[in-house]
Amino acid sequence: GAVVSQHPSWVICKSGTSVKIECRSLDFQATTMFWYRQFPKQSLMLMATSNEGSKATYEQGVEKDKFLINHASLTLSTLTVTSAHPEDSSFYICSARGWEASYNEQFFGPGTRLTVL
Amino acid sequence: SQKIEQNSEALNIQEGKTATLTCNYTNYSPAYLQWYRQDPGRGPVFLLLIRENEKEKRKERLKVTFDTTLKQSLFHITASQPADSATYLCALGGRGSTLGRLYFGRGTQLTVWP
């Protein structure tokens, strides 16, 4: 199957700083990328849907000014957590769909563990 | 909003037995339902998809059923092995303007002991 990578795999930052997480599709062009957040022993919560070249669509309750998403190319989407606080500490996972994807073809990245001190 | 419940947080079974995991949902009409495996600290790995007009799907030792009247899916692993130990997630798939979006349950942690 297609490969999706995330960078970094883990990051520790101080409260108040901003953190950028990258999601890349390595061997296909991703027209749509999705960002999820997962707290320990909780479900993956969809945060936003990102289509290449357009603004992201955020799920209800997700602050778009807090979680900035950019999908500037067909192989890269970024999630920036602005002014991070300890409650933003979580596991962030992206997934990607390609041009010819049937609706089931969605490939997940390995995740990024964010810890805010 | 949609609510997705997976039968139990943890399931322990002996090697060789069949593991049955349950996914119930409310307040939603998914176009399809998927099952994923997730290992600790890793992203989910796709296992099976079943569409709303399908009753059953099989793939090797895996079987999934889907009852849209009961709003329930059952996921079976036959001849279970210790390597099957992981957390299994069900996810509801959107339709129309929400096509591609997935809404996940909390998962069931399966442990298969020798």
Count - residues of segment B:1-22 that are within 15 Å of residue B:87 (Cα to Cα), within 11 Å of chain A (Cβ to nearest Cβ) and surrounded by 13 or more Cβ atoms within 10 Å (Cβ to Cβ): 2
Does residue B:69 satisfy the condition of being β-branched (Val, Ile, Thr), touching a strand residue (DSSP E or B) at 6+ places or on another chain (Cβ under 7 Å) and more than 10 Å from chain A (Cβ to nearest Cβ)? no
Out of all the residues in segment B:51-63, which are of a type outside the set (Asp, Glu) and over 28 Å from residue A:6 (Cβ atoms)? B:51, B:53, B:55, B:57, B:58, B:61, B:63
In segment B:75-93, the residues that are free of Cβ contacts under 8 Å to residues at least 60 places away in the same chain and over 21 Å from residue A:41 (Cα atoms): B:76, B:77
Among the numbered conditions (1) within 14 Å of chain A (Cβ to nearest Cβ); (2) within 18 Å of residue B:7 (Cα to Cα), tell me where residue B:74 comes up short. (1)
Checking residue A:42 against (1) part of a loop (DSSP other than H, G, I, E, B); (2) in contact (Cβ under 8 Å) with a residue 12 or more places away in the chain; (3) not hydroxyl-bearing (Ser, Thr, Tyr): exactly one of these is not met. Which one? (2)
Going by the conditions given, is residue B:31 within 14 Å of chain A (Cβ to nearest Cβ), touching a residue at least 40 places away in the same chain (Cβ under 8 Å), hydrophobic (A, V, I, L, M, F, W, C) and in contact with a Gly (Cβ under 8 Å, 6 or more places away or on another chain)? yes
Please pick out the residue among B:96, B:105, B:43 that is surrounded by fewer than 14 Cβ atoms within 10 Å (Cβ to Cβ) and either within 25 Å of residue A:94 (Cβ to Cβ) or free of Cβ contacts under 8 Å to residues at least 40 places away in the same chain (or both). B:96
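Tell me, please, whether a residue that is modelled with pLDDT under 90, within 13 Å of chain B (Cβ to nearest Cβ) and surrounded by 15 or more Cβ atoms within 10 Å (Cβ to Cβ) can be found in segment A:78-98.
Yes, that holds for at least one residue.
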Among the residues of segment A:17-61, which ones are within 19 Å of residue A:85 (Cβ to Cβ), of a type in the set (Gly, Ala, Ser) and away from every other protein chain (no Cβ under 13 Å)? A:18
Which listed residue is under 28 Å from residue B:1 (Cα atoms) and of a type in the set (S, T, N, Q), from A:25, A:9, A:18, A:50: A:50
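The values are calculated or read from the model by the stated rules, or taken from the named source; none is laboratory data. Predicted, not measured: the structure shown is a model, and the values here were computed from it. As a convention, Cβ positions derive from the backbone with ideal geometry for all residues, glycine included, and neighbour counts pool all protein chains shown.
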